[in-house]
Structures are given as structure tokens and as C-alpha cells.
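Worksheet for the structure shown next.
The values are calculated or read from the model by the stated rules, or taken from the named source; none is laboratory data. As the structure is a computational prediction, the values presented were derived from the model and not from experiment. Glycine also receives a Cβ, built like all others from the backbone with ideal geometry; neighbour counts cover every protein chain displayed.
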Amino acid sequence: MTEKLHISGIIPESIVDGPGIRYTIFVQGCPHHCPGCHNPQTHPFEGGKECSTEEIVAEVKQDPLISGVTFSGGEPMCQAKALTELAKALKNIGKNIICYTGYTFEQLMEEQDPDRMELLKQCRYLIDGPFLLAEKSLMVKFRGSKNQRILDVRASLEAGAAVEAGI
Ligand code: SF4
């Protein structure tokens, strides 16, 4: 029996959520309520659609163009257990994982929530921090505002501090 994921939507081939062609999953539910958020429909924790790891892996497998899968939202860290299971299954079929979060790397490190740490370990890149309207920019790749960072997760965990990825 696998953990059920609650999603708001999927983009089967995205080029704006990380390098390469990516399968992007928007999870349902976000506690941050950033003013100016582009996905307000993802904020309520009720609703959305239930789906399983098996369903998503089967869909991703059908498209050889997909290089990786991006977890977006909503707040992926609020469904860390289900996403960890999904990430492991996707890595088994050769896909890399990128995760967006409204939390900063430093907040996640301070919190040390076991489920969130486990999800973090599955990710190649973490795009962290809330969307800040005052720092909104169209010039920052894969992000909405300049405060958000693209972090190399392995290097950051090894260093115990945020290490930006040069992408
Ligand atoms: S964290 Fe993301 S989904 Fe949540 S309110 Fe902020 S921008 Fe929107």
C-alpha cells in the first residue's frame, strides 16, 4: 500500500521548472499564502485529486523525452512522505528530482523534520524560499522572485549550509 498524494495538477512536459523537459506535479495545499502567488488554487489543503506513485511512474515512463520530475505547488514539504516514496520510484527509472518549497533551506535544517529531510535527500536541486512580490523578477531562471535560490542539495547537505547550483 503506497502513500496517496493530493495534487492540484500536472504539466506533462514543462521547460520552465528546471533544466530539460520535466514532468511537473503541483501538489494541493500550501500554508505560506505569499501575496501575488501564481497558483492560489493550490492553497487549500482540501480538494485536489488523489493519485498514487504507481499512476505517476506509469505516466512518466510513457514519455522518453522527460529527463526529470519537478515537485511544485502548493507546498511539497507538506506531503513529504508521499513525495519521498514517489521520488525513490522515479529515481529508480532514471529521473532526477527538483523540489520547490516556500521554506528556506535554513528553516528546513533548523526544523530537522525526519520526513522533510528524507524528501530533501532525494532531490538534486531545491528551489527554496517564498515568492516575494517586492523581489519579483522575470530575469531569474526557473524562479519567480530574486530571493529564491536554486540549491545543489547534496553539496548543501554535505556543507551544512546552502550551496547554490550553477545552473
Ligand atoms: S509557497 Fe508557492 S504555492 Fe505557496 S503561496 Fe508561496 S508561491 Fe504560492
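A quick yes/no check of all residues on (1) more than 17 Å from Val27 (Cα to Cα); (2) within 14 Å of the chain's Cα centre (by Cα); (3) surrounded by 21 or more Cβ atoms within 10 Å (Cβ to Cβ); (4) not acidic (Asp, Glu):
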residue	(1), (2), (3), (4)
Glu59	no, no, no, no
Leu83	no, yes, yes, yes
Asn96	yes, yes, no, yes
Glu111	yes, no, no, no
Lys121	yes, yes, no, yes
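For the stretch 69-90, does any single residue satisfy the condition of being part of a helix (DSSP H, G or I), of a type in the set (Gly, Ala, Ser), free of Cβ contacts under 8 Å to residues at least 24 places away in the same chain and over 20 Å from Leu108 (Cβ atoms)?
no
Which members of the stretch 33-49 meet the condition of being away from the ligand (no atom under 11 Å from the Cβ) and at pLDDT 95 or above?
The answer is Pro44, Phe45, Lys49.
Determine which single condition Phe45 fails, assuming it passes every other condition in (1) over 16 Å from Leu90 (Cβ atoms); (2) under 17 Å from the mean Cα position of the chain (by Cα); (3) touching a residue at least 40 places away in the same chain (Cβ under 8 Å).
(3)
Name the residue, out of Ser67, Ser72, that is modelled with pLDDT of 95 or more and within 14 Å of the chain's Cα centre (by Cα). It would help to see each step written out before you state the result.
Details: Ser67 fails: within 14 Å of the chain's Cα centre (by Cα).
The match here is Ser72.
Taking Leu126 as the residue in question, decide whether it is in contact (Cβ under 8 Å) with a residue 12 or more places away in the chain, of a type in the set (A, V, I, L, M, F, W, C) and assigned to a helix (DSSP H, G or I).
No.
If you go through the stretch 2-32, how many residues are part of a loop (DSSP other than H, G, I, E, B) and either near the ligand (Cβ under 10 Å from one of its atoms) or on the phi > 0 side of the Ramachandran plot (or both)?
6
Quick test for you: out of Ser52, Ser67, pick the one residue that is under 24 Å from Leu126 (Cβ atoms) and more than 16 Å from the ligand (Cβ to nearest atom). Step through it out loud before you land on a result.
Working: Ser52 fails: under 24 Å from Leu126 (Cβ atoms).
Just a single option satisfies the conditions, and that option is Ser67.
Condition check: charged (D, E, K, R), within 16 Å of the ligand (Cβ to nearest atom) and without any contact (Cβ under 8 Å) to a residue 60 or more places away in the chain. Does Glu59 satisfy that? If you could, list the steps in order and put the result at the bottom.
Values: charged (D, E, K, R): yes; within 16 Å of the ligand (Cβ to nearest atom): no; without any contact (Cβ under 8 Å) to a residue 60 or more places away in the chain: yes.
For Glu59, the condition - charged (D, E, K, R), within 16 Å of the ligand (Cβ to nearest atom) and without any contact (Cβ under 8 Å) to a residue 60 or more places away in the chain - is not met.
Search the stretch 70-109 for residues being more than 12 Å from the ligand (Cβ to nearest atom) and acidic (Asp, Glu), and hand back the single one that is nearest to Glu158 (Cα to Cα).
So the residue we want is Glu106.
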